[in-house]
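Quick notes on the structure that follows.
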Amino acid sequence: MTDREAIEALILTYAALVDAGDFEGVGALLSQATYAGATTVTGQEAITENFHNTVILHPDGTPRTRHIVTNFHIKIDEDAGTATSRSTFTTYQALRNFPLQPIAVGHYDDTFTRTETTWHFTTRQVTVDLAGNLTRHIRS
């Protein structure tokens, strides 16, 4: 796997974990990072708790969302073992009385560090550029 593929895999794994409602997995994935969304938190426990306190889980244990991540712009500094990335996300949600619809469009600004052969997040900044009906996704 190339460095670029490894970084893309981290970005896509985050989306899959959020959509699965696996906030412990999100915390583990971002364990060496600072996460900045509506609030800023650092470390596995704080990130896990933040997701549990912020994202609404429905009876199936998921937020009933699908995050589609596109437009990866990744810059890798091989010598320093660091990378930056900006990617675009669109979040869709559907519930029994809430038809499938986009609820948010935004972008992720990320930084990564390579430890030997493994890449990991060091920061994740989430920016919502266009917001739809988030009342069934995010606690107010």
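Indicate, rounded to the nearest 5 percent, the antiparallel portion of the DSSP beta bridges found entirely in the range 34-140.
On the way: 40 of 43 bridges.
Roughly 95 percent of the beta bridges in the range 34-140 run antiparallel, per DSSP.
Using the charge dipole of the chain (Lys, Arg: +1 at Cβ; Asp, Glu: -1 at Cβ; taken about the Cα centre), state which of GLN44, ALA83, VAL126 has its Cα farthest towards the positive end.
Checked the options; the winner is VAL126.
How many angstrom lie between the C-alpha centres of the range 103-140 and the range 1-47?
Each part's Cα centre sits 8 Å from the other's.
Given the chain reduced to its alpha-carbon atoms as identical point scatterers, what log10 I(q)/I(0) does the Debye formula return at q = 0.18 Å⁻¹?
-1.02
With +1 assigned to the C-beta of every Lys and Arg and -1 to the C-beta of every Asp and Glu, and no other charges, what is the dipole magnitude of the range 9-140 about the Cα centre in debye, to the nearest 20?
Details: 9 positive and 13 negative charges, 122 e Å.
Dipole size: approximately 580 debye.
Summarise the accessible area of the chain (1.4 Å probe, protein heavy atoms) by the percent that is carbon and sulfur. Display every interim value, and only then the final one.
Numbers: 3920 of 7540 Å².
The value for the chain is 52 percent carbon and sulfur by accessible area.
What accessible area per residue, rounded to a whole number of Å², is obtained for the chain using a probe radius of 1.4 Å? Spell out each step's value before the answer.
On the way: 7540 Å² over 140 residues.
With all protein chains present, the chain gives 54 Å² per residue.
Of LEU30, THR2, THR65, which is farthest on the positive side of the dipole of the chain, counting Cα position, with +1 on Lys and Arg Cβ, -1 on Asp and Glu Cβ, and the Cα centre as origin?
THR65
The values are calculated or read from the model by the stated rules, or taken from the named source; none is laboratory data. The structure presented is a predicted model; accordingly, all values stated were derived computationally and were not measured. Cβ sites come from the backbone with ideal geometry, for glycine too, and all protein chains shown count toward neighbours. Heads up: the accessible areas ignore ligands, DNA and RNA and are worked out on the full protein's heavy atoms, side chains in. Shrake-Rupley method; radii C 1.70, N 1.55, O 1.52, S 1.80 Å.
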